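Here is the structure we will look at, set down as structure tokens.
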Amino acid sequence: MLQRFTTNVWKGRWAYFFIAPAMIPFAIFTAYPLVQGLLLSFYKAGVNRDKWKYIGLKNYTNLLTRDPVFPTAIKNTFLFVLGVVPAAMVICLFVAVLIYPLSQRKQTFFRAAFYMPVVSAGVVLAMVWVYIYSQEYGLLNYIFESLGLLNLLNDGEKIGWLAQTNTALLSLAIVVLSWSLGQPLILFLAGLGAIPEPLYDAAKIDGANSWQSFWKITLPLLRPTMLFVLVVLTIAVFQVFVVVQLMTLGGPANATQTIVYRIWVTGIVGSKFGYGSAMAVILLSIVSVVAIVQFKLLDRQLT
Amino acid sequence: MKHLQLLLVLAAMLVVLLAPAQAQEPVTITYWTDPALSQPISLPQFTELAEFENWQAEQFMEMHPHVTVEVRGLDWPDLATVVPTALAAGDPPDILKDYLGRTSGYGVEGVTVDLFSLVPQEEIDDLLPGLVELYTIDGSLHAMPTYFWNHAMIVNKALFDQAGLGDMVPVDDRAWSMDEFYEAATAIKAAGIGVDFPYTLQVASEQGDYDFHAFIWGAGGEIWNADCTTGFDDPKTLAGLEFVNKLYQEGLINSDATTAAYADQVNNLFTGKSAIMGGGMGVLNNRIGNGVRDGDVTVDMDPVVVTYPHAEGEVPGLGVGPTGFAVFDKGRSAYEMEWVAEFLLFLNSTEAQVTYTQNNSQFPARASAGVPLEDDANYALTLSLIQERGTENLGLACPGFYEVRISQPPHWQAMFLGQETPQQALEALASEAEFILDM
């Protein structure tokens, strides 16, 4: 058995040699911490390594049965994903289809405009958004006031977008959405470019209108891109953290707590490394299940 | 015999030659510091984080050329994250300057060096006994206190005078009842001089909690009891909470308190939107003093120190919190620890404490440092208030202090937003605290 294994390794030595530059850093910086994190989740672990104590599943049972904030964080994270991911997909697809027929120069302009938030500093963008949402001096309240919407929505009172529990999560979701459009748009444009033009010509000859071409040609042939975007975007939004950390600190009244923010607050700030690791493992499990379901569903439609 | 003599002489020479060589063996000490001295008064050349501490380190290195001190300045958020992760990774600094609420956690975890065994007894005897007691965890001195700050109310009396309400500010005994405070706040708001929110507060993060807790102490309630249990089930705590909630609901506290930052609080005071905020001598001299000097204050400013409002029959103490130097156990040799101790004592010498406390307007932990700002009337007044009324128990050395601290703002926010009653907020906090302390 061992001999067969070593023979196989020897046979594929060049393959192993060439993937080593990728695999070694992966093993050190991804796989090892992942395993360590998993192991740590079974420990009561603080800043003193000598006092780390194996406690079995206690971190998990505490999280799922006693922790007063974690269930809210799970709920909020799902709300983020359910709100942001479909919206980003639809907006990006819509914009991509709109700008694809434009000249290369115009396309480049729109690509750059939508991609700008991706390459901009999160802190700067968050500050801009805090200003936009400011109750006293905010641009959004100014616009709503100018349009007479404040009278309609809040009896003429300025709205504290980040200060109210019923608007804070939505407000943050819009910020995350604005940051999430760049990459999918680029991918959708690339996907559109890969669809053979003769298919549209044939459809036109057959009397198909634009709407029918979109449904029958564009959408089916974009499915592989959509699957990729869906999975990547879902994983990214599940990890929403920066906007929470910079704009609301999980408040008001825990209305914007998310799983990763809880990991940060409990695991790092609170120095409960084992407990934080258990949260991370739960997040990993949720994201894995969701990604597998997405793959299964869309894969079935692809084949 | 002659050979033996020669040998002995050579051996003695070797000992003489080697002894200083060993003492001069290079040592590198890492020192991480908080950003407390961000606006020094008499050392304006130090404007950047840790510049003052780097200057101190340079002085020490000049005296001891074989010692290299690496200084790292940490912002408040970094202190709560960088230090614990460094500890868990086994790479903490040799010396950390931070406030008791955090160093006590390290002391409880047993990662700090017992300074009773590192620092000479005469140095410890010079520290205020109450502080030594506070810093002693399980019989070990987990850190060496260097100064303490105070927390009181700062009232811009100029605005009350402008509204013809100057008499409502208790300048005689520096104390007002809850009713008197409420009347003064209501009156200044109604005066129409632009004071929209008489008291400025933030409950967006735990950093504003003393501005909030002080109302609870004023009612005779507690967040932490002397035995390190929490006081969320105390009826007086509820009374204090109901009072502060009433202030918010009636518009006497800034409406954005649930999301405001400390800078917003300061801005409210500087622009006259608010006339009262919480703070100590540091806020009074450094923040407001420098604000007036730099032209950031846009209204007349006559800051007056008063204590927080109290319920009938209650005499609340002042919030007081110390900062100290913790030494982490890194498995250093005795020789290296000798130099760590030497640097620690240099940082925390009487002269250093005087310079430091004069510049951040705090109170030194050494008796020999005396009263560094004795010409400052507010400084002397604050000291006398502390002596007269005592101090409140902030729970800084209690296990789970920090976790319980950060669990509170969401409930204060929920209460302000009308989603929890004060009673519900306290019940939820009691349950959360039980969970935290049980973990």
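The values are calculated or read from the model by the stated rules, or taken from the named source; none is laboratory data. Every value quoted in this text rests on a predicted model; they were computed, and no experiment measured them. Counting neighbours? That spans all protein chains shown, and the Cβs are built from the backbone with ideal geometry, glycine included.
Return the residue satisfying two criteria in turn: it lies in region B:92-126 and is of a type in the set (Asp, Glu) and in contact (Cβ under 8 Å) with a residue 40 or more places away in the chain, and of such residues it is farthest from the other protein chains (Cβ to nearest Cβ).
Checked region B:92-126; the qualifying residue farthest from the other protein chains (Cβ to nearest Cβ) is B:ASP126.
Determine, yes or no, whether B:ALA190 is touching a residue at least 24 places away in the same chain (Cβ under 8 Å) and either in contact with a helix residue (DSSP H, G or I) (Cβ under 7 Å, 6 or more places away or on another chain) or of a type in the set (A, V, I, L, M) (or both).
Judged against the criteria, B:ALA190 is not a match.
Residues checked against (1) more than 27 Å from B:PHE212 (Cα to Cα); (2) of a type in the set (Val, Ile, Thr); (3) crowded, with 17+ Cβ neighbours inside 10 Å; (4) within 14 Å of chain A (Cβ to nearest Cβ):
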| position | (1), (2), (3), (4) |
| --- | --- |
| B:TYR356 | yes, no, yes, no |
| B:LEU385 | no, no, yes, no |
| B:ASN393 | no, no, yes, no |
| B:CYS398 | no, no, yes, no |
| B:GLN408 | no, no, yes, yes |
| B:THR421 | no, yes, no, yes |
| B:GLU434 | no, no, no, yes |
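Would you mention how many residues in region B:243-256 are touching a Ser or Thr at 6+ places or on another chain (Cβ under 9 Å) and either surrounded by fewer than 18 Cβ atoms within 10 Å (Cβ to Cβ) or not aliphatic (A, V, I, L, M) (or both)?
Within region B:243-256, residues that are touching a Ser or Thr at 6+ places or on another chain (Cβ under 9 Å) and either surrounded by fewer than 18 Cβ atoms within 10 Å (Cβ to Cβ) or not aliphatic (A, V, I, L, M) (or both) number 5.
State yes or no: is B:THR382 part of a helix (DSSP H, G or I) and in contact with a Pro (Cβ under 6 Å, 6 or more places away or on another chain)?
Spelling it out, it is not the case that B:THR382 is part of a helix (DSSP H, G or I) and in contact with a Pro (Cβ under 6 Å, 6 or more places away or on another chain).
Identify all residues within region B:357-378 that are touching a Ser or Thr at 6+ places or on another chain (Cβ under 7 Å) and within 14 Å of B:ASN285 (Cβ to Cβ); write none if there are none.
B:GLN358, B:ASN359, B:PHE363, B:PRO372, B:LEU373
Tally up the residues in region B:298-312 that are touching a residue at least 40 places away in the same chain (Cβ under 8 Å), not hydrophobic (A, V, I, L, M, F, W, C) and not in a strand (DSSP E or B), please.
Of the residues in that region, 6 qualify.
Residues that are in contact with a helix residue (DSSP H, G or I) (Cβ under 9 Å, 6 or more places away or on another chain), over 20 Å from B:PRO322 (Cα atoms) and part of a helix (DSSP H, G or I): does region B:91-108 have at least one?
Scanning region B:91-108, I find no residue that is in contact with a helix residue (DSSP H, G or I) (Cβ under 9 Å, 6 or more places away or on another chain), over 20 Å from B:PRO322 (Cα atoms) and part of a helix (DSSP H, G or I), so the answer is no.
Looking at A:VAL281, A:VAL287 in this structure, which one is away from chain B (no Cβ under 14 Å) and under 17 Å from A:LYS44 (Cα atoms)?
Selected residue: A:VAL281, the only one of A:VAL281, A:VAL287 that is away from chain B (no Cβ under 14 Å) and under 17 Å from A:LYS44 (Cα atoms).
Any residue in region B:257-269 that is away from chain A (no Cβ under 14 Å) and surrounded by fewer than 17 Cβ atoms within 10 Å (Cβ to Cβ)?
No, region B:257-269 has no match at all.
Does B:LEU37 fit the bill of being modelled with pLDDT of 75 or more and crowded, with 19+ Cβ neighbours inside 10 Å?
No; evaluated as a whole, the condition is false for this residue.
Tell me, yes or no, whether region A:149-164 has at least one residue that is surrounded by 12 or more Cβ atoms within 10 Å (Cβ to Cβ), polar (S, T, N, Q), touching a residue at least 24 places away in the same chain (Cβ under 8 Å) and within 14 Å of another protein chain (Cβ to nearest Cβ).
Yes, the conditions are met somewhere in region A:149-164.
I'd like the full set of residues that are of a type in the set (Val, Ile, Thr) and surrounded by 20 or more Cβ atoms within 10 Å (Cβ to Cβ), limited to region B:83-118.
Result: B:VAL83, B:ILE95, B:THR103, B:VAL108, B:VAL111, B:THR112, B:VAL113.
Answer with yes or no whether B:ALA175 is in contact with a Phe, Trp or Tyr (Cβ under 8 Å, 6 or more places away or on another chain) and either under 20 Å from B:VAL266 (Cα atoms) or not in a helix (DSSP H, G or I) (or both).
When the stated conditions are applied, B:ALA175 does not pass them.
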